[in-house]
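Read the structure below first, then the notes.
Just so you know, all these numbers are worked out from the coordinates, no wet-lab data involved. Since this is a predicted model, take the numbers as computed values, not measurements. Here the Cβ positions follow ideal geometry from the backbone for every residue, glycine too, while neighbour counts run over all protein chains shown.
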Ligand SMILES: C[C@@H](O)[C@H](NC(=O)OP(=O)(O)OC[C@H]1O[C@@H](n2cnc3c(N)ncnc32)[C@H](O)[C@@H]1O)C(=O)O
Ligand SMILES: Nc1ncnc2c1ncn2[C@@H]1O[C@H](COP(=O)(O)OP(=O)(O)OP(=O)(O)O)[C@@H](O)[C@H]1O
Ligand SMILES: [Fe+2]
């Protein structure tokens, strides 16, 4: 019978909670910092933490005392958020956790705040191996579990989703937080188009925020811009979640983070999951926004797994990434998707249904209309992507990259008839030699001035044969485009490596081989830029 007291203080929310494993009972005490104007000021947030943390912790301790007697005997461990977050805030919460653990002589558990956002959904839903979308203020990423870690399958290349919305509302002159206000006003608005930026499973918000601000300055009604902002950014998050489900073969999705309180985002995710026969779960709002309940719940799982730390090891981690956490509390349940045996006659990706006529030598790809996104955005994306796919599939073949021949294309209907190629997806037949070919192929595309846009191991087909006949095809150029920017080329490599890291059994060797092959054919500067990209997407 475990009972854990959790403390949260990464930025704006000072919170303490008590979690009783028996009865699955979570009691949360929170005190939010509300800036008078502008966004979150780190110094003010820390001042708020200093006064609010002792008070919420005292409330949690009193609750335990009133129900169970002396807290030292009634609590098993003290869990706290180690990061990511604002350094000064994190240190105040950690100091309180250490002091309490010391005075009650209890073990300490250091929790990753982003993993807590995810685990609370897994815990409350009872799902086994979900993909998780974290949509919070400072972050936005999709995570999947593989080989003892939560892998970042895709993430924002600049700001978190909440920060992107809050930045827009500051421009309009609204007080923090902006998210709920945008949600309210969007209900009366007409959709306006804003830039839609998805690269593989990564995405970016900064261009959208600027375009939304420009639209306001140009006199577009604010409720219309709010609607466009929600329709665009949430469709992106829903799309990358669907890509992650498709890539990992998972059929469960959970939502985490403060922006998850938004009804439109939840509706889109629910619709997307229903369309592909997956299950969706969003915890109730008190577990979505920052709260110590999720820290206490994950803290209890970690404590029961023996995953505690000493005071000396308990320093805070402002840049703590979810994939740095060894997952000690999950049995390795073989929930990773097993490779499929024979290939079916019809397969479903994230965007399309593909009818495979092996004997006739054709693959019929139908880009589906997605009920979750606004019809105008939907039509635009399907048309544009079908057209790009036809054009770039052929262009790639002209520069020596094996791709299917395009037999027919109908952008309006989102239809393509392609040559049937390969006998397996790279995902199910990954090897260093084949990954090397992918590196060379991408270098050739980049040399010819275009990117693939979504080079995951599901978008590479393999024809297995003797070493010399082994052929590696690139397919699905729908997110590709012409560009002469090193940044865009490097993003292709980043997308491929992220997907390999999240799904392959020996990712390091594959990634090494991939980069060597790319270097041999392509431009060294692209690899330099890749290193730089890898340090982005961090909490700031
Ligand atoms: C590291 C940690 O400090 C950080 N916390 C954080 O971002 O707080 P969170 O509670 O998860 O999310 C707050 C964000 O959630 C947005 N938000 C709240 N209600 C919303 C709504 N109804 N629609 C859209 N956004 C909403 C707010 O505008 C704000 O940007 C994080 O989890 O990234
Ligand atoms: N020309 C082809 N030859 C053989 N198989 C194909 C071909 N095109 C598609 N497939 C199969 O269909 C699957 C889905 O195709 P594709 O990736 O084009 O669809 P999608 O919906 O865009 O997928 P995602 O967006 O998830 O990558 C591929 O992973 C592959 O197994
Ligand atoms: Fe959070």
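Between residue 55 and residue 520, what is the label-to-label distance in nm when each label sits 7 Å out along the Cα-to-Cβ direction?
That separation, rounded to one decimal, is 6.5 nm.
Return one number: the angle in degrees, 0 to 90 and rounded to the nearest 10, between the long axis of the Cα atoms of helix 222-248 and the longest principal axis of the Cα atoms of the chain.
Once rounded, one gets 70 degrees.
Under 1.5 on a/c is rounded, so check that first for segment 73-168, then, if it is not, pick prolate when a/b is larger than b/c and oblate when it is not; a ≥ b ≥ c are the square roots of the alpha carbon gyration tensor eigenvalues.
Working: a/c = 2.62, a/b = 1.41, b/c = 1.86.
Oblate, since a/c reaches 1.5 and b/c is not below a/b.
If you count the DSSP beta bridges with both ends in segment 126-285, what percent of them are antiparallel, to the nearest 5? Before the final figure, lay out the partial values.
Values: 12 of 20 bridges.
Looking only at bridges with both residues in segment 126-285, the antiparallel portion is about 60 percent.
Fewest first, what order do 5, 265 take by the number of other Cβ atoms within 10 Å?
Details: 5 31, 265 26.
The most exposed by this proxy come first: 265, 5.
Any idea what Rg and Dmax come out to for segment 346-534 if you just take the C-alpha atoms, in Å?
16.1, 48
Fewest to most neighbouring Cβ within 10 Å: what's the order for 489, 191, 372?
On the way: 489 28, 191 17, 372 22.
Ordered by Cβ neighbours within 10 Å, fewest first: 191, 372, 489.
Per residue and in cubic angstrom, what volume does the convex hull of the Cα atoms of the chain have?
Convex hull of Cα atoms, per residue: 147 Å³.
Could you tell me the relative contact order of segment 126-285? Use alpha-carbon pairs under 8 Å, at least six residues apart, and round to a whole percent. Can you show the working numbers first?
On the way: 302 pairs, mean separation 44.3, N = 160.
RCO, segment 126-285: 28 percent.
Would you compute the Debye intensity of segment 194-273 from its alpha-carbon atoms alone, equal scatterers and no solvent, and pass along log10 I(q)/I(0) at q = 0.15, 0.23 Å⁻¹ to two decimals?
Normalising to I(0) and taking log10 leaves -0.58, -1.12.
Kindly work out what percent of the DSSP beta bridges joining two residues of the chain are antiparallel, to the nearest 5. Working shown, then result.
Working: 53 of 70 bridges.
Of the beta bridges lying entirely in the chain, close to 75 percent run antiparallel.
Taking the beta-carbon count within 10 Å as an exposure proxy, list 446, 176 from fewest neighbours to most. Numbers along the way, then the final one.
Values: 446 25, 176 20.
The most exposed by this proxy come first: 176, 446.
Report, in degrees rounded to the nearest 10, the 0 to 90 angle that the Cα long axis of helix 161-172 makes with the longest principal axis of the chain.
80
Using every pair of alpha-carbon atoms in segment 451-540, split the distances into 5 Å bins beginning at 0 and state the percent of pairs per bin, rounded to integers.
Taking every Cα pair in segment 451-540, the percentages come to 2, 13, 19, 26, 23, 11, 5, 1, 0, 0.
What is the calculated FRET efficiency for residue 43 to residue 210, with r their C-beta to C-beta distance and R₀ = 30 Å, to the nearest 0.05?
So the FRET efficiency works out to roughly 0.65.
Explain nothing, just the number: relative contact order of the chain, from Cα pairs under 8 Å at least 6 residues apart, as a whole percent. Walk me through the numbers on the way to the answer.
Values: 1189 pairs, mean separation 81.3, N = 540.
It comes to 15 percent, rounded to a whole number.
Can you give me the Cα centroid spacing of segment 355-411 and segment 51-125 in angstrom?
What the calculation gives is 51 Å, centre to centre.
Please tell me the relative contact order of segment 346-534 in percent, rounded to the nearest whole number, where contacts are Cα pairs under 8 Å and at least six residues apart. Can you show the working numbers first?
On the way: 353 pairs, mean separation 39.3, N = 189.
Reported as a whole number, the value is 21 percent.
Need the C-alpha centroid separation for segment 242-298 versus segment 450-481, integer Å.
31
Mind checking the angle between helix 206-217 and the chain's longest principal axis? C-alpha axes, 0 to 90 degrees, to the nearest 10.
So the inclination is approximately 80 degrees.
Label-point separation (nm) for residue 184 and residue 1, each offset 7 Å from Cα along Cα-to-Cβ?
4.5
Run the paramagnetic zone check for residue 67: 7 angstrom along Cα to Cβ, then residues of segment 22-50 with backbone nitrogen under 20 Å.
22-31
Using helices alone, I'd like the mean residue ellipticity at 222 nm for the chain: each DSSP H run of four-plus residues gives -39500 (n - 2.57), total over residue count, nearest 500.
Values: 16 runs with 236 residues, N = 540.
Rounded to the nearest 500, it is -14500 deg cm²/dmol.
May I ask for the distance between the Cα centers of segment 133-154 and segment 209-237, given as a whole number of Å?
Segment 133-154 and segment 209-237 have Cα centres separated by 26 Å.
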